[in-house]
């Protein structure tokens, strides 16, 4: 993460971590466009004023993204349901995950649908743990909940997904 | 966690979030490019590292003086007093000179975080010149460390900085 402290390398860092941050922001916003806005706002603020702070920049950024998303939601609370639907709402035009060569696209879609059906409080913990690789302590700090609560939400999320999904066929 | 949950967890980890759109990366690039380049920063730019002298203000000097006083008092109290009934010859033996007081704590880090920047509008300067008043609010943090025992002192202080930026008007 030290790379972000070097002036020339933020592009590389963001190219590598941007997708994870967008996925994370997507849990707290109504559309992908909103997610892009809040990650941009948080990253620019981080780069301008906080990049010299010690600690893990990703954890700091995620906390910042969550705050930006809450502010964004407050500012746009009056948006009508009609606008939200036209904008895509929670139904994204593109999928959440990158297609991989030789993968089972149906399985990927199935997982995306199952993720959408999870309760938001479980899904956000799952996203922070699996794709942003935060510890339960860091998740707890970010979401302002005890680490044990984060851990149990994670287990409930996995159990709910397992119930929803058929076991993957290997070979 | 049972085996099937572990298997599902591994399967999820293999999925890669969708790539960030190039349009979005360009947008951030443009926004960051709008930032002032380092040499063009205004004179009032504040310290963010020890390379700058600005962190060494009166408050720092005051704290350093207080630390030096505490260190001196500690050294004096550690000296053994010569017993009153000691033989005259023994009392005449000069005691080894106390080592010169070395600074126990050394500054190791200084940083500041800007958390609010507000344009407070136009103000008039002497001679009817116009200027804009901008208030920047910071939290400054200074850290000292004692290399002998690794003890450290961290000092965090809020600071308001008011900048008066002259505004010029050129009708051409």
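Bear in mind these aren't lab numbers, they're just calculated from the coordinates by the rules spelled out. In this text, all values refer to a predicted model and were calculated from it rather than measured experimentally. Neighbour counts run over all protein chains shown; Cβ positions are idealised from the backbone, glycine included.
Distance distribution note for region A:99-171: the fraction of Cα pairs above 15 angstrom is 57%. For region B:109-172, the pair-distance distribution built from all alpha carbon pairs, in bins 5 Å wide starting at 0, is 4, 15, 16, 14, 11, 11, 9, 7, 5, 4, 3, 1, 1, 0 percent. Residue order for A:43, A:136, fewest other beta carbons within 10 angstrom first, comes to A:136, A:43. Gain on full extension, evaluated as 0.36 nm per residue between residue B:128 and residue B:13 minus their Cα-Cα distance, stands at 34.9 nm.
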